[in-house]
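What follows is one structure encoded as structure tokens, with my remarks underneath.
The values are calculated or read from the model by the stated rules, or taken from the named source; none is laboratory data. The structure presented is a predicted model; accordingly, all values stated were derived computationally and were not measured. Note: ideal-geometry Cβ built from the backbone for every residue, glycine included; neighbour counts use all protein chains shown. To get the accessible areas, we keep the full protein, side chains included, count just its heavy atoms, and leave off ligands, DNA and RNA. Shrake-Rupley method; radii C 1.70, N 1.55, O 1.52, S 1.80 Å.
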Amino acid sequence: MARTRTDILVAGGGIAGLTAAAACAHAGHSVTLVSPDTPVTEPAADGSDLRSTAFLQPAVALFDKIGLWSDLGPQATALDGLRIVDSIGWPPEVRTTREFQSTDISDQPFGWNLLNWQTLGRLVQSLERHKHVDLCYGTAFKSMVQRDREVIVTLTNGDSIAARLVVAADGRNSAVRAAAGIDVATTRYGQKALAFVVGHAIPHENVSTEIYNEGGPFTMVPLPDQDGQPASAIVWMNPSAKALELADLPDADFAAHASERSCHWLGPMTLKSPRRIWPIISQRAQALTAPRVALLAEAAHVVPPIGAQGLNTSLNDIAALMGALTAHPGDPGADTVLATYRRARTADIRARVAAIDLFNRVTKSGTPWLQSLRLNGLKLVHDAAPLRRSVMRAGIGG
Ligand SMILES: Cc1cc2nc3c(=O)[nH]c(=O)nc-3n(C[C@H](O)[C@H](O)[C@H](O)COP(=O)(O)OP(=O)(O)OC[C@H]3O[C@@H](n4cnc5c(N)ncnc54)[C@H](O)[C@@H]3O)c2cc1C
């Protein structure tokens, strides 16, 4: 540990923690980031994150502002459209499709998609060069004593560090949140998501496709070509037992099931990566701040992976925290900073967690009346232009 005193201690070395460290440094503060693991930045390495994130317009604006987009952007694939396919039964029968075009609301794509291991790699590289950020891997937040003017943090390696603000970006089981005495409300759906990369015969044309049936959406997000073939990142949600069964299938059988579930929309699929499995929950912290502590990202909220909302909501937290730090220069842990941050984020987080929870319940259901509601809801939202545009703007967030 290089420092024993820092302006801001960020707990968590995921995409949110690294971005928060860059944003806090951009706001003029010294930052120490602690994380138990070194980020995995190679796709084939154990524990690599094979999910992708479609960074929506506000996320890109944040990366741009803090000088990270020039490193991330060249690797990313633009998303010009979102296609929703509504299907029922097995083999799936397509009932309707609707396309949402970014040009309907903006002269920019909806977002840019990047594999998480690539994003982590770029963020680490750029933060290693940052003179106001210390990256400390192999040690974690353990406990803290919150005083009027600072927080004394004890790390798992026994070191202590004094910080004026502690930022919790230490994930859904946040140790900082627990130490601050903040409770969470958690919903478990009995679902798991499989995340993997496929090659396919038909080009994706920069359109992301979500296919509803039951168990949860099957989402195909465009990637750059791989081995000369169009490629997409897939997130496939299922009831937990079925997801575990699928995870155990031989590659060729698994790819055949995935192609069937995709309604063969992009032609036959070939598996291009291992499969990773993620439990699906919804969770919201009962408060976003405690004295000299700010919660963000999955420490504050977790949503099912629908509509690219998870990490994008987290990046909106970071933009808001940076805004609060910039509006109130000086003490980064002052009540005014924390109150500004709370005001900016509480309602949006509450609304997004509630909306995605509802959306997940409707899209995973096999109940005929809910499937009818889903079909009619999709047609209504898409076909009424003012409603379509408001929903698209709300989905992008910011
Ligand atoms: C299948 C799937 C697909 C998704 N797709 C999208 C998408 O397309 N778009 C989108 O916006 N979102 C998406 N999400 C959500 C997104 O992936 C997550 O929100 C994001 O990865 C979480 O990042 P994080 O940094 O908050 O948490 P994590 O990545 O969990 O990082 C937490 C970090 O904290 C560290 N840590 C743990 N304990 C401590 C401690 N005591 N002290 C210090 N550090 C600690 C951990 O080691 C880790 O480095 C998806 C989620 C899933 C499950």
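Using only Cα atoms, what Kirkwood radius does the range 13-132 have, in angstroms?
Every distinct Cα pair counted, the radius reaches 16.4 Å.
Show me the three semi-axes of the equivalent ellipsoid for the chain, from the C-alpha gyration tensor (sqrt of 5 times each eigenvalue), largest first, rounded to whole Å.
Over the Cα atoms of the chain, the ellipsoid semi-axes are 37, 22, 20 Å.
For the chain, build the charge dipole from Cβ charges (+1 Lys, Arg; -1 Asp, Glu) around the Cα centre, then report which of G81, V167, V221 sits farthest towards its positive end.
Of the listed residues, the answer is V167.
Normalised by the residues of the chain, what does the relative contact order come to in percent, with Cα pairs under 8 Å and at least six apart?
20
Hey, what number do you get for the chain at 222 nm if only DSSP H runs of n ≥ 4 count, each worth -39500 (n - 2.57), divided across all residues, to the nearest 500?
-11000 deg cm²/dmol
Taking the Cα atoms only, what angle lies between the long axis of helix 385-396 and the longest principal axis of the chain, rounded to 10 degrees?
40
Using a probe of 1.4 angstrom, how much of the accessible area of the range 173-323 is carbon and sulfur, in percent?
C and S atoms contribute 54 percent here.
Which residues' amide hydrogens lie under 5 Å from the amide hydrogen of A140, considering only partners 5 or more residues apart or on another chain, with H built in the peptide plane?
Amide H neighbours of A140: T156, N157.
Which ³J(HN,Hα) values, rounded to whole Hz and listed in residue order, are derived for the range 136-145 from phi using the Karplus coefficients 6.51, -1.76 and 1.60 in 6.51 cos²θ - 1.76 cosθ + 1.60 with θ = phi - 60°, glycine and proline given as x?
For the range 136-145, the Karplus curve yields 10, 8, x, 9, 10, 5, 10, 7, 8, 10 Hz.
How would you order 82-88, 103-109 from highest to lowest mean count of nearby Cβ atoms within 10 Å?
82-88, 103-109
What percentages, rounded to whole numbers, describe P(r) for the range 20-59 computed over all alpha carbon pairs with 10 Å bin width beginning at zero?
Binned Cα distances yield the sequence 22, 31, 41, 6.
From the phi angles alone, apply the Karplus equation (6.51, -1.76, 1.60; θ = phi - 60°) to the range 328-333 and give each ³J(HN,Hα) in whole Hz, x where the residue is Gly or Pro.
10, x, x, 6, x, x
Rounded, prolate or oblate for the range 331-389? Axes are the square roots of the Cα gyration tensor eigenvalues, ordered a ≥ b ≥ c, and the cut-off for rounded is a/c under 1.5.
oblate
At 0.692 mPa s and 37 °C, plugging the Kirkwood radius over alpha-carbon pairs of the range 144-250 into Stokes-Einstein gives what diffusion coefficient in µm²/s? Intermediate results must be reported in sequence, preceding the final value.
Values: Rh = 18.0 Å.
Calculated translational D: 182 µm²/s.
With bins 10 Å wide starting at 0, give me the P(r) of the range 85-171 over every alpha carbon pair, in whole percents.
12, 22, 22, 17, 16, 11, 0
Please turn the phi angles of the range 13-19 into ³J(HN,Hα) values with the Karplus equation 6.51 cos²θ - 1.76 cosθ + 1.60 (θ = phi - 60°), one per residue in order, whole Hz, x for glycine and proline.
Ordered by residue, 3J(HN,Hα) equals x, x, 4, 5, x, 5, 5 Hz.
So if the hydrodynamic radius of the range 224-369 is defined as the Kirkwood radius over C-alpha pairs, what does Stokes-Einstein give as its diffusion coefficient at 25 °C and 0.890 mPa s, in µm² per second?
D, rounded to a whole number, is 135 µm²/s.
When ranked by the protection proxy of mean other Cβ atoms within 10 Å per residue, highest first, what sequence do the peptides 238-244, 267-273 form?
Put in order of decreasing packing, that is 267-273, 238-244.
Can you tell me the order of 300-311, 281-292, 37-48 when each peptide is scored by its average per-residue count of other Cβ atoms within 10 angstrom, highest first?
With the highest mean Cβ count within 10 Å placed first, the list reads 300-311, 281-292, 37-48.
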